[in-house]
Amino acid sequence: MDFIADQPLTENEEKTRDLILTLPLFDSFKMDELDTLSKHMNYMEIMRGNYLFTEGEKGDYMCFVVRGLLDVLKKTNTGDYRVVARLGKGNTIGEMAIIDKSPRSASVVARQPTVVIILTKKGFDILTKQYPALGVTLLKKIMRLLSLNMRRTTSKLADITPI
């Protein structure tokens with residue numbers, strides 16, 4: 001099953017790998033592992049004001065922010081949208097889409113031109129099936145990010161919840 005690892009990277013895969021290399025999250029990966037990851041990920045540029053995804057839509061990918069700034073918007077009970085987070089380089093968004101099949105819990109819009117690395121559910125499934133050790137390492141990093149986000153959210157909630 002390692003046939004893909006023996007093939008040279010395409011120009012797009014090289015660009016993806018180069019962008020991955022700029023993210024601290026991937027510091028512990030070896031170059032051959034980064035090459036494998038780049039074959040199952042892609043990058044995307046988002047112009048200011050464009051949406052990465054919208055609340056309620058089906059989610060089947062997550063993103064690693066390489067540069068730029070994203071606003072996470074949550075719809076309120078009155079139908080307005082409130083910025084609940086601002087994400088820059090090194091942040092991730094949409095991790096739950098890799099884990100479950102629930103609709104997007106918020107909308108994400110580019111506050112400024114932004115570049116993200118995309119990991120689809122399909123790409124993640126291929127990685128975990130064909131490269132189990134690499135898939136588990138990546139899963140642990142994603143789970144750690146989810147845990148940190150949950151802790152941050154819990155702390156914010158504690159600050160605003162009346163006694």
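The values are calculated or read from the model by the stated rules, or taken from the named source; none is laboratory data. Note that the structure is a prediction, hence the values are computed from the model and not measured. Please note: Cβ atoms are built from the backbone with ideal geometry, for glycine as well, and neighbour counts cover all protein chains shown. These area figures cover heavy atoms from the full protein model, side chains too; ligands, DNA and RNA do not enter into them. Shrake-Rupley method; radii C 1.70, N 1.55, O 1.52, S 1.80 Å.
With Thr92, Thr120, Thr137 as the choices, which residue is surrounded by 12 or more Cβ atoms within 10 Å (Cβ to Cβ), of a type in the set (Ser, Thr, Tyr) and touching a Ser or Thr at 6+ places or on another chain (Cβ under 9 Å)?
Answer to the check: Thr137.
Those residues that are farther than 22 Å from Arg151 by Cα and either among the charged types (D, E, K, R) or open to solvent by less than 20 Å² (accessible area, probe 1.4 Å) (or both), I need them from region 80-89; list them, please.
Listed by number, the list holds a single entry, Asp80.
Here are some conditions: (1) over 16 Å from Lys141 (Cβ atoms); (2) open to solvent by less than 70 Å² (accessible area, probe 1.4 Å); (3) acidic (Asp, Glu); (4) over 15 Å from the mean Cα position of the chain (by Cα). Glu14 meets all but one. Which one does it not meet?
(2) is the only condition that Glu14 fails.
Each row is one residue, and each column tells you yes or no for (1) touching a helix residue (DSSP H, G or I) at 6+ places or on another chain (Cβ under 8 Å); (2) touching a residue at least 40 places away in the same chain (Cβ under 8 Å); (3) of a type outside the set (Ser, Thr, Tyr).
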| residue | (1), (2), (3) |
| --- | --- |
| Glu57 | no, yes, yes |
| Tyr81 | no, no, no |
| Leu87 | no, no, yes |
| Ile117 | yes, yes, yes |
| Leu127 | yes, yes, yes |
| Ser147 | no, no, no |
| Met150 | no, no, yes |
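Do the conditions hold for Thr161, that is, is it open to solvent by less than 50 Å² (accessible area, probe 1.4 Å), out of contact with any Phe, Trp or Tyr (no Cβ under 8 Å at 6 or more places or on another chain) and hydroxyl-bearing (Ser, Thr, Tyr)?
Answer is no for this residue.
Applying the selection to region 105-117, what residues are open to solvent by less than 50 Å² (accessible area, probe 1.4 Å) and assigned to a strand (DSSP E or B)?
Ser107, Val108, Val109, Ala110, Thr114, Val115, Val116, Ile117
Collect the residues in region 70-79 that are in contact (Cβ under 8 Å) with a residue 24 or more places away in the chain and open to solvent by 40 Å² or more (accessible area, probe 1.4 Å), keeping them in residue-number order. Don't jump to the end; show me each part of the working.
Applying the first criterion (in contact (Cβ under 8 Å) with a residue 24 or more places away in the chain) to region 70-79 yields 70-75.
Listed by number, the residues that qualify are Lys74, Lys75.
Please determine, by comparing only the residues of region 60-69 that are surrounded by fewer than 20 Cβ atoms within 10 Å (Cβ to Cβ) and not acidic (Asp, Glu), which one is nearest to Asn12 (Cα to Cα).
Going through the qualifying residues, I end up with Arg67.
Of the residues that sit in region 140-158 and are open to solvent by less than 80 Å² (accessible area, probe 1.4 Å) and of a type in the set (A, V, I, L, M, F, W, C), which one is farthest from Gly59 (Cα to Cα)?
Checking each candidate, the answer is Ala158.
Is it the case, given these coordinates, that Gly79 is farther than 25 Å from Lys140 by Cβ, small (Gly, Ala, Ser) and modelled with pLDDT under 95?
yes
Just checking: which of the strands (runs of 3 or more DSSP E) contained wholly in region 1-104 hold 2 or more residues that are among the aromatic types (Phe, Trp, Tyr)? Walk me through it before giving the result.
On the way: elements: 41-46, 51-53, 61-75, 81-87.
Counting at least 2 such residues, we get 51-53, 61-75.
Kindly indicate the residue of region 38-55 that is open to solvent by 60 Å² or more (accessible area, probe 1.4 Å) and in contact (Cβ under 8 Å) with a residue 60 or more places away in the chain and also nearest to Leu9 (Cα to Cα) among those meeting that condition.
Step by step, filter region 38-55, then rank; the result is Asn42.
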